[in-house]
1. Determine which single condition residue 132 fails, assuming it passes every other condition in (1) under 21 Å from residue 45 (Cβ atoms); (2) modelled with pLDDT of 95 or more.
2. Tell me, which residue of the stretch 135-147 that is over 17 Å from residue 69 (Cα atoms) and touching a strand residue (DSSP E or B) at 6+ places or on another chain (Cβ under 7 Å) is surrounded by the most Cβ atoms within 10 Å (Cβ to Cβ)?
3. Can you say whether residue 81 is over 15 Å from the mean Cα position of the chain (by Cα), free of Cβ contacts under 8 Å to residues at least 12 places away in the same chain, surrounded by fewer than 20 Cβ atoms within 10 Å (Cβ to Cβ) and under 21 Å from residue 14 (Cα atoms), as far as the supplied structure shows?
4. Of everything in the stretch 95-109, what is over 15 Å from the mean Cα position of the chain (by Cα) and part of a helix (DSSP H, G or I)? Give them in sequence order.
5. Exactly one condition in (1) surrounded by fewer than 12 Cβ atoms within 10 Å (Cβ to Cβ); (2) closer than 16 Å to residue 21 by Cα is not met by residue 123; state its number.
6. When the residues of the stretch 104-114 are filtered to those that are touching a strand residue (DSSP E or B) at 6+ places or on another chain (Cβ under 8 Å) and over 23 Å from residue 20 (Cα atoms), which remaining residue is surrounded by the fewest Cβ atoms within 10 Å (Cβ to Cβ)?
7. List every residue pair whose Cβ atoms lie under 8 Å apart, where the two residues are 6 or more positions apart in sequence or sit on different chains, the first residue falls within the stretch 117-129 and is at negative phi and in contact (Cβ under 8 Å) with a residue 40 or more places away in the chain, and the second residue, located anywhere, is exposed (fewer than 15 other Cβ atoms within 10 Å of the Cβ) and not in a helix (DSSP H, G or I).
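The values are calculated or read from the model by the stated rules, or taken from the named source; none is laboratory data. As the structure is a computational prediction, the values presented were derived from the model and not from experiment. Positions of Cβ are backbone-derived with ideal geometry, glycine not excepted, and every protein chain shown enters the neighbour counts.
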């Protein structure tokens, strides 16, 4: 298993297709949620990919402060279904946080967390900010991590 980050231009067509397919598999099909995944934000993102046997099994996209939120942010966090339950999600998030920490000007990480994953993010040090809200008909909470 290897974890690597890529700029959008470095992904290549086949890897990008595999990422988009997996994001659709998890966020559209599994969660039965029709939403616009292709949001014209991937081009600005840094893409953290976990591969095993040359297949994408985990993923996040990372934004610098001001690209998506006021603060840096992490989104589209996922682990392929058959690889869950092995703490891979935490490893991916820790690597994503470490990636953001490389910039000494970054002070906070902001994300929009699905409510059912609240404990997952709290365990990583994130704090809940504000009230629950619906995003794509799924309960979410805003969270912040001071770094």
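1. Result: residue 132 fails condition (1) only.
2. Here the residue is 138.
3. no
4. Within the stretch 95-109, 101 is the sole residue that qualifies.
5. It is condition (2) that residue 123 fails.
6. In this case the residue turns out to be 107.
7. Sorted first by the residue in the stretch 117-129, then by its partner, the list stays empty.
This table checks each residue for (1) farther than 25 Å from residue 86 by Cβ; (2) touching a helix residue (DSSP H, G or I) at 6+ places or on another chain (Cβ under 9 Å); (3) outside any loop (DSSP other than H, G, I, E, B).
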residue: 9; (1), (2), (3): yes, no, yes
residue: 14; (1), (2), (3): yes, no, yes
residue: 18; (1), (2), (3): no, no, yes
residue: 34; (1), (2), (3): yes, yes, no
residue: 43; (1), (2), (3): yes, yes, no
